[in-house]
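Step one of this worksheet: look at the structure below.
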Amino acid sequence: MAEDFASPAERAAFIAGLPKAELHLHIEGSLEPELMFELAQRNQVAIPFASVAEVRAAYAFSNLQDFLDIYYQGMGVLHTEQDFHDLTAAYCARAHADAVRHIEIFFDPQGHTTRGVAFGTVIAGITRALDDARERYGMTSKLILCFLRHLSEADAEATLDEALPYLDRIDGVGLDSSEVGHPPSKFARVFARAKDLGLRIVAHAGEEGPPAYVHEALDLLQVDRIDHGNRSLEDAALVKRLADEGITLTVCPLSNLKLCVVDNIADHPLKTMLDAGLRATVNSDDPSYFGGYVNANYVAVADALDLSKADLVTLARNSFTGSFLSDAAKAAHLAAIDAYA
Ligand code: ADE
Ligand code: ZN
């Protein structure tokens, strides 16, 4: 047991109150089975499950694609502005309970517009809940539009066109979905246009894909952060570059376990990343599918790797340092962490 804590329970209690930001969260991945059923009924959408227990039993994945197939099916219950509001409001309430003070959340518009849901409907519901969360909890937020990388760059370009009227509510663009076979280079032009529009840039890279995809995300997309980045550790020169450039990695331990990126949580590379000087953070990715919100991710990895109080404070500090908040806001959050610790 790390000497700062008398027991795992004491460490969990420290994590519970530790002020933190969440930087890697797909809002559609926070759809709990209970809400899925409620929305299926509300919208008269058929779902291939008879009970909440049956849904949870279906959440056994052997890789990313296994999960994505059920994730895209699940989001099919989302139709109205109220649905997107309720989904986002539920996540914000849950994050607030985990002492999350700031969120930077992804949404997958192509998962909705391809089903006939208007881009504006998605944005209106999500942003109304984010505005409520700011009012209710003092929780600040950024919204990141992710392009689905299994679709074409032309589709991503059309999605960016659809986003143009809403850029006052969109802070960045990202890249998600099936990684292998869909390298960042496929999207170089659309990301260049997004950057010219003043948007922040992130991309999933090195989750299942090789270190070369992380290099491409840095060189061709000019990312501000890397989502996941686990496989960067296979390339010593890349590790040095990420450390030297202070690139934040949004790491998702329970996701990595559920999608078999690691075989065992004790094999998780988070501590190795910290020891290598990488700016790693802890996030929940798709909490309803992977079995835990952000604090559960901290606890799982802290217990498995026996993280110290200093490690946990570093992770929480990294979550704000790596955010897209202003320098003044970051400083205020870092001071709150120091006061807590
Ligand atoms: N979409 C939702 N979660 C994802 C993940 N972990 N990797 C890639 N695409 C995703
Ligand atoms: Zn993700």
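The values are calculated or read from the model by the stated rules, or taken from the named source; none is laboratory data. In this text, all values refer to a predicted model and were calculated from it rather than measured experimentally. Reconstructed Cβ throughout: ideal geometry from the backbone, glycine too, with neighbour counts over all protein chains shown.
Taking the criterion of being in a strand (DSSP E or B) and either at pLDDT below 95 or aliphatic (A, V, I, L, M) (or both), the residues of segment 110-157 that qualify are 143, 144, 145, 148. Consider segment 90-109 and keep the residues that are assigned to a loop (DSSP other than H, G, I, E, B) and within 16 Å of ligand 2 (Cβ to nearest atom). The one that is surrounded by the fewest Cβ atoms within 10 Å (Cβ to Cβ) is 109. For the criterion of being part of a helix (DSSP H, G or I) and not basic (Lys, Arg), residue 202 fails. The number of residues in segment 261-298 being crowded, with 24+ Cβ neighbours inside 10 Å, more than 16 Å from ligand 2 (Cβ to nearest atom) and at positive phi comes to 0.
Can you find a residue that is aliphatic (A, V, I, L, M), part of a helix (DSSP H, G or I) and surrounded by fewer than 18 Cβ atoms within 10 Å (Cβ to Cβ) anywhere in segment 82-89?
From segment 82-89, those aliphatic (A, V, I, L, M) are 87, 89; that's our starting set.
If we keep only those that are part of a helix (DSSP H, G or I) too, we end up with 87, 89.
Filter once more, so that each one left must be surrounded by fewer than 18 Cβ atoms within 10 Å (Cβ to Cβ): none.
Among the residues of segment 82-89, not one is aliphatic (A, V, I, L, M), part of a helix (DSSP H, G or I) and surrounded by fewer than 18 Cβ atoms within 10 Å (Cβ to Cβ), which makes the answer no.
Note on segment 35-54: among residues that are more than 27 Å from the chain's Cα centre (by Cα) and assigned to a helix (DSSP H, G or I), the one that is surrounded by the fewest Cβ atoms within 10 Å (Cβ to Cβ) is 41. Would you say residue 21 is within 26 Å of residue 295 (Cβ to Cβ), away from ligand 1 (no atom under 16 Å from the Cβ), part of a helix (DSSP H, G or I) and among the small types (Gly, Ala, Ser)? It is false that residue 21 is within 26 Å of residue 295 (Cβ to Cβ), away from ligand 1 (no atom under 16 Å from the Cβ), part of a helix (DSSP H, G or I) and among the small types (Gly, Ala, Ser). Filtered by the rule that a residue be farther than 20 Å from residue 314 by Cα and of a type in the set (Gly, Ala, Ser), segment 233-252 gives 236, 237.
Scanning segment 229-254 for residues that are in contact (Cβ under 8 Å) with a residue 40 or more places away in the chain, in a helix (DSSP H, G or I) and within 13 Å of ligand 1 (Cβ to nearest atom) yields 253, 254.
Give me the pairs: first residue in segment 102-121 and under 18 Å from residue 89 (Cβ atoms) and within 16 Å of ligand 1 (Cβ to nearest atom), second residue among the basic types (Lys, Arg) and assigned to a strand (DSSP E or B), beta-carbon distance under 8 Å, and six or more apart or on different chains, which are they? Going by the 8 Å Cβ cut-off, the qualifying pairs are 103/142; 104/142; 105/142.
Restricted to segment 222-255, and to residues there that are farther than 18 Å from residue 274 by Cα and either among the hydroxyl-bearing types (Ser, Thr, Tyr) or more than 16 Å from ligand 2 (Cβ to nearest atom) (or both), the residue that is nearest to the chain's Cα centre (by Cα) is 255. Based on what the data block shows, is residue 62 surrounded by fewer than 18 Cβ atoms within 10 Å (Cβ to Cβ) and either closer than 30 Å to residue 209 by Cα or touching a residue at least 60 places away in the same chain (Cβ under 8 Å) (or both)? Here the answer is yes, as residue 62 does meet what is asked. Regarding residue 13, is this residue among the aliphatic types (A, V, I, L, M), outside any helix (DSSP H, G or I) and more than 16 Å from ligand 1 (Cβ to nearest atom)? Considered against the rule, which asks whether it is among the aliphatic types (A, V, I, L, M), outside any helix (DSSP H, G or I) and more than 16 Å from ligand 1 (Cβ to nearest atom), residue 13 comes out as no.
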